[in-house]
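Here the structure comes first, spelled out in structure tokens, and everything after it is commentary.
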Amino acid sequence: MPQKTDLYTILISYANKHHSPVINIDHFVEFLEKFAKWNASDRPEWTKWTVGANAKIWSEIHELVNSGKCALETDGRNPGRVVMLDFYSDLLKRIYENVDSTAEIPFPDEKTLGIVIPREQIRTMQISDLEDYMKSPQQSDLPILEIKFPNDYGSALFLAAHFPMRVLEAAILKIRSYMRSHNNKDYYLSRLNSQLAGKGAMLKDFMNQIEVRPMECITHIEAAEEFICLVWPYFGTQIKLELEKKSELLSLDVAVLQSIFFIEFFVGYCRSRANLEKARDQALMEVVAKLSTPPYYHTIQDILAFTDSRGRLLANQYKQEDMEKLITGRTAITGGALMDEAGEDALPELLIFRNTSGEQVFIPKDKVFPVVSKFVEEARVQVRQSISTRWFQRLKDYQHEPAMDYDRDFERMLEKYAGQIVPMLMCFIKDKKIFLVQEELERAVGGFKESVRIYDPSGKVFPMSNLLLLNRKKLLADTKLLLPFWYTIPVIVSLMAFFKKLGRKKPAKKAKPGSAETLETPPFAENQSSGQTLKGVAKTYLDDHVPEGHTLETYLEEMESRWRKILSEDARAQMVKDIRLTIKKKMNAIIDAWGIRQITAHTIDDMADSIVQELPSLQDLDSKDAIHSYVSLYLSFLLKNSKK
């Protein structure tokens, strides 16, 4: 009986003594009272069970039931029975705690243990089912696992926690016991030497491992070492051939045959697992290599579509968690563990950016600036060509635009064209990780060697004109050289523009029958080939001139902040109100005089110039560019929302 006197320990000992998990409470109470009185004189701790044991047991047993340690069965005739739920699993735990003591007998089963396990507590499989079981092994002790061996070699009971390592240890010890009891080590060694020529020393060491260092055998099997995976099938076959010659198998013979089945399974399983791991590692290495191939930046969908040299998907050779581990390991820094040549914290090998769709894009750190440089080179050529073509057409039509005269508008135009022509360039430039990469390259031995710098030393992005090597004045001058020679003579250009404007006649008003009334065309009006409405032209103008990240209201406020400072906020507000009212009156006067008609962006600029020149209050303000932009934008806003 147990040394401890708590009820659960006593119940376990009582069940083990009677080889049954079911305990009759009346019989147990009677036994406990007698046992306690017998031991109370020597061990006072048993005194509590000498009197009133029945009441104490019933008071404590419900706690055990609620905690799941046992179950209570009652019916009309019996006062109750306790079922020890862990009886069978505890029995197997004790057996597998010391597998050396059972090395000469077969694996435990219901027959040899003299028990009958309820079917709901047992999971029966064939030895061939273990491969599927290993894909999703059981985590709990119940149900108990039972393996049926072929050729009527019995079965084996064990818990999920015992398989495979504890079961494999028991199998090796049973084979060692067989070799020692039969003294047949040299016999099997000679048989193996005849089949594996030239492996004599390795075979001898293999036999010595089984006899002297059995745990090393398990380590070599688990590592799927080439020689071990080769020798065990030969050795197992020789043992089976030898034992199958017998007309009657002894208990140890059955134990050895059972062990051979377990070992052969586990050797094959470890070899297959090693092959899969090797294929997985090779596939992941190929993924890493392909990340450094053009175009060098890849989304996760691109990565999953990588193929090997035979055209097979690499994603079929690794699991999702393998890819997640790879990406995490190459994109994360933990505790400043990565250091560069200067001893500073270094960026990870793989960096994450966002593409135009917002998807994550992975790019190796050493490929970031080559990619950015390539985008810049593409943008330099295409943006220059696009703007030159645009300006050539406008100048040819005697039109003008702010980007020709103002650096701010020119920069905005460059960003817009670059974003349309090479959208990924803007994605990279706007990400601060580019600055960190540039800093790290500058700290490297030899300094910054790339052809393009994106950030200045203070951490600000260089103007787009610097990156694209485009000078506004030079580009405009080069474009003008493409025009006929008379476009270079200001007087002729002014006259041609004037007569061209005069030649654009305004459509006649609907006159009453018999009326021949017509209207003159205002000097600033221009026809528009696209056929846009007044509101459409105004909307397009706003879209082109309000910078990204601003609303019209916030940008107008920014323009106001560039004017000369006024002492009083009220005076500033009154001036803004007066200017807006003047712009509105001017616009209404023009529309009333000339009617609703198509207007171009150039017309809006001309109207803005006219308004600025006609308002003396604006002449003394600072920042003429800001004043012009303010008037033209507010005018466009009014035209867009005009109800006329």
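The values are calculated or read from the model by the stated rules, or taken from the named source; none is laboratory data. In this text the structure is predicted, and so the values were computed from the model without any measurement. Every residue, glycine as well, gets a Cβ built from its backbone with ideal geometry; the counts of neighbours run over all protein chains shown. Keep in mind that these areas ignore ligands, DNA and RNA; they rest on the heavy atoms of the full protein, side chains included. Shrake-Rupley method; radii C 1.70, N 1.55, O 1.52, S 1.80 Å.
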>> What FRET efficiency comes out for Glu225 versus Asn66 if R0 is 45 angstrom and r is the Cβ-Cβ distance? Round to the nearest 0.05.
In response: 0.30
>> Please report the net charge: other residues with Cβ closer than 15 Å to the Cβ of Leu189, K and R +1, D and E -1.
In response: +2
> What net charge is computed for the residues neighbouring Ile122, neighbours being all others with C-beta under 10 Å from the C-beta of Ile122, Lys and Arg scored +1, Asp and Glu -1?
Replying inline: -1
> So if R0 is 41 Å, what FRET efficiency would Arg572 and Lys535 give, r being the distance between their Cβ atoms, rounded to the nearest 0.05?
Replying inline: 0.85
> How much length is gained if the chain between Arg280 and Arg166 is pulled fully straight, taking 0.36 nm per residue apart and subtracting their Cα-Cα distance, in nm to one decimal?
Replying inline: 38.2 nm
> R0 = 51 Å: FRET efficiency of Leu469 with Asp132, Cβ-based, nearest 0.05?
Replying inline: 0.20
> In percent, how large is the relative contact order of the stretch 64-216, given Cα pairs closer than 8 Å and 6 or more residues apart?
Replying inline: 18
>> Once each part is reduced to its C-alpha centroid, what is the distance from the stretch 1-39 to the stretch 160-196 in angstrom?
In response: 41
> Stretched out fully, how many nm does the piece from Thr112 to Val83 gain, at 0.36 nm a residue minus the Cα gap?
Replying inline: 8.2 nm
>> Report the Cα centroid-to-centroid distance between the stretch 285-334 and the stretch 86-126 in angstrom, as an integer.
In response: 47
> Taking Cα pairs under 8 Å and at least six residues apart, what relative contact order does the stretch 282-337 come out at, in percent?
Replying inline: 32
>> Tell me the net charge near Val576. Cut-off is 10 Å between Cβ atoms, Val576 excluded, with +1 for each Lys or Arg and -1 for each Asp or Glu.
In response: 0
> Relative contact order, percent, of the stretch 1-120 when contacts are C-alpha pairs under 8 Å separated by at least 6 residues?
Replying inline: 26
>> If I model a spin label as a point 7 Å beyond the Cα along the Cα-Cβ vector, how far apart are those points for Asp186 and Thr328 in nm?
In response: 5.7
> Want the number for Glu244 to Lys432: 0.36 nm per residue separation, take away the alpha-carbon distance, what's left?
Replying inline: 60.3 nm
> Given a 1.4 Å probe, how much area per residue of the stretch 168-219 is accessible, in Å²?
Replying inline: 47
> For labels at Phe448 and Ser101 in the simple 7 Å Cα→Cβ model, what's the distance in nm?
Replying inline: 7.5
> Carbon and sulfur atoms: what percent of the 1.4 Å accessible area of the stretch 377-480 do they account for?
Replying inline: 53
> Rounded to the nearest whole Å², what accessible area per residue is found for the stretch 379-474 with the 1.4 Å probe?
Replying inline: 51
>> With the cut-off at 18 Å, tell me which of the pairs Lys585/Lys640; Lys473/Lys539; Lys174/Lys240; Lys4/Lys48; Lys367/Lys460 have Cα atoms farther apart than that.
In response: Lys473/Lys539; Lys367/Lys460
> Ranked highest first by the average count of other Cβ atoms within 10 Å around their residues, in what order do 244-252, 462-470, 364-372, 293-301 fall?
Replying inline: 364-372, 462-470, 293-301, 244-252
